[in-house]
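The values are calculated or read from the model by the stated rules, or taken from the named source; none is laboratory data. On a predicted model such as this, the values are computed, not experimentally measured, just so you know. Cβ atoms come from the backbone with ideal geometry, glycine included; neighbour counts cover every protein chain shown. Protein only, heavy atoms only, side chains kept; ligands, DNA and RNA dropped before computing areas. Shrake-Rupley method; radii C 1.70, N 1.55, O 1.52, S 1.80 Å.
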Amino acid sequence: PAANIMHEIGLDYLTIGNHAFNFGYDYLKDYLNNLEAKCICCNVIDERGGIKNLSSYEIIEWQGKTIGIIGAVTDWVNLWEKEENKKGFTINKAWPSLKEAYKFIEDTDFKICIYHGGFEIDLETLEKIDETDENIGGLIARELDIDLLLTGHQHMNLENQEIFNTHIVQPSSNALKYADIEVNLSTKKVHSILKSPSGLVDESLYDKFLDKEMRTQEYLDQVLAELPRDLMPKGRLEMALNGSELADFINKI
């Protein structure tokens, strides 16, 4: 169903996000194989060979120009994801993988990177603020000649901004915003603006998938268990000194 929705909205290319691994190999394989869009993710290796449309880069022709596309996901998937959900995949470091994939698109007229990751730098001062490599958007923009860097992961609204001569974009989470991007391939000028999808809903598409949404909500509303007693937060000072039973309970779950 998720792949069908992506097809209905006209998706051409995408990369893999870190949460796409939450359900294991077979789930992600079925999702990607049912997409008509092409998945570009240079640092994820399908060890089982079951995914049909996973590639490191893509080159297309558009309006007489060549467009090169590379993509990657933050390699911190290796730290967060359960081992059983990573079986069948090798998730390599994003930066060396992107550098290698970039060689194949280096001579194209316009270069795009779809990166499921964010920025390790202050976007105003360009100073590094994170010493980890969870997010390497600044490094990508500084070291690779990328014209348009499409990012995610940090869930921040980022539009119409350039760093190191690279146009950078990032929408917020949960489809609250989408990026409307205009590109002049002759001048390489890029303009982006974040918009709300409200008012753009295709009623036929909404009705088509509404049953699945309702069944999902019914599933989520099931009562799994009940507590033998009320478990309410206590005063701030008491919780600061002695901890919170409610927080402990949530953490155990």
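Roughly how many debye, to the nearest 20, is the charge dipole of the stretch 65-125 about its Cα centre, given +1 on each Lys and Arg Cβ, -1 on each Asp and Glu Cβ, and no other charges?
Dipole of the stretch 65-125, to the nearest 20 debye: 280 debye.
Tell me, how many Å apart are the Cα centres for the stretch 1-37 and for the stretch 94-163?
One Cα centre to the other: 23 Å.
Once the dipole of the chain is set up with Lys and Arg at +1 and Asp and Glu at -1 on Cβ about the Cα centre, which of SER56, ASN4, ASN251 lies farthest towards its positive end?
SER56
Taking K and R as +1 and D and E as -1, what net charge do the other residues with C-beta under 12 Å from the C-beta of CYS41 add up to?
Within the 12 Å Cβ shell, the charges total -2.
For the stretch 45-143, what class follows from the C-alpha gyration tensor (a ≥ b ≥ c being the square roots of its eigenvalues): rounded when a/c is under 1.5, otherwise prolate if a/b is larger than b/c, else oblate?
Verdict is oblate for the stretch 45-143.
Treating the beta-carbon of each Lys and Arg as +1 and of each Asp and Glu as -1, no other charges, what is the dipole magnitude of the stretch 140-253 about its Cα centre, to the nearest 20 debye?
Around 300 debye, computed over the stretch 140-253.
Could you give the nm distance between label points at HIS7 and SER196, where each point is 7 Å from its Cα heading toward the beta carbon?
Output for this residue pair reads 3.2 nm.
Might you report the magnitude of the Cβ-based charge dipole of the chain about its Cα centre, with Lys and Arg at +1 and Asp and Glu at -1, to the nearest 20 debye?
Numbers: 25 positive and 44 negative charges, 50 e Å.
Here the chain has a charge dipole of around 240 debye.
Can you give the Rg to Rh ratio for the stretch 1-80, taking only C-alpha atoms and Rh from Kirkwood?
Checking Rg against Rh, the ratio lands at 0.98.
In deg cm²/dmol and to the nearest 500, what is the mean residue ellipticity at 222 nm of the chain if only DSSP H runs of at least 4 residues count, each as -39500 (n - 2.57), divided by the residue total? Walk me through the numbers on the way to the answer.
Numbers: 9 runs with 76 residues, N = 253.
The per-residue figure over the chain is -8500 deg cm²/dmol.
Of all the accessible heavy-atom surface of the stretch 43-88, with the other protein chains kept in place and a 1.4 Å probe, what percent is carbon and sulfur?
Answer for the stretch 43-88: carbon and sulfur cover 49 percent of the accessible area.
If I take R0 = 30 Å and measure r between the Cβ atoms of LYS188 and LYS86 in this structure, what FRET efficiency does the formula 1/(1 + (r/R0)^6) give, to the nearest 0.05?
So the FRET efficiency works out to roughly 0.20.
Give the shape of the stretch 85-204 as rounded, prolate or oblate, defined through the alpha-carbon gyration tensor: a ≥ b ≥ c are the square roots of its eigenvalues, a/c under 1.5 means rounded, and otherwise the shape is prolate if a/b is larger than b/c and oblate if not.
Judged from the Cα gyration tensor, the stretch 85-204 comes out rounded (a/c under 1.5).
Give the shape of the stretch 14-53 as rounded, prolate or oblate, defined through the alpha-carbon gyration tensor: a ≥ b ≥ c are the square roots of its eigenvalues, a/c under 1.5 means rounded, and otherwise the shape is prolate if a/b is larger than b/c and oblate if not.
It comes out rounded by the Cα gyration axes.
In the Gaussian network model of the chain, springs joining C-alpha atoms below 10 Å, which of LYS128, LYS52, LYS234 carries the largest mean-square fluctuation?
Per the Cα network of the chain with a 10 Å cutoff, LYS234 tops the list.
How large is the accessible surface per residue of the chain, computed with a 1.4 Å probe and reported in Å² as a whole number?
Result: 62 Å² of accessible area for each residue.
Which whole-angstrom value gives the distance between the alpha carbon centres of the stretch 49-79 and the stretch 224-249?
The distance from the Cα centre of the stretch 49-79 to that of the stretch 224-249 comes to 47 Å.
Just round it to a whole percent: the fraction of Cα-Cα distances in the chain exceeding 22 Å.
Result: 63 percent of Cα pairs exceed 22 Å.
For the pair GLU100/ASP130, report the inter-label distance in nm, with labels modelled 7 Å from Cα in the Cβ direction.
It works out to 2.4 nm between the two label points.
Give me the number: length gained by fully extending MET239 to LYS208, i.e. 0.36 nm times residue separation minus the C-alpha to C-alpha distance, one decimal in nm.
Taking MET239 through LYS208 to full extension adds about 6.4 nm, to one decimal.
What is the calculated FRET efficiency for ILE59 to ILE253, with r their C-beta to C-beta distance and R₀ = 51 Å, to the nearest 0.05?
Calculated value: 0.60.
Hey, any idea what % of the stretch 196-235's accessible area is carbon plus sulfur with a 1.4 Å probe?
Carbon and sulfur together cover 55 percent of it.
Of all trypsin sites (Lys or Arg not before Pro) in the stretch 53-107, which ones are in loop regions per DSSP and have a Cβ with at most 15 other Cβ atoms within 10 Å?
LYS82, LYS87, LYS93
Work out the charge dipole of the chain with +1 on the Cβ of Lys and Arg and -1 on the Cβ of Asp and Glu about the Cα centre, then indicate which of SER186, GLN217, ASN85 is farthest towards its positive end.
The residue sitting farthest along the positive end of the dipole is ASN85.
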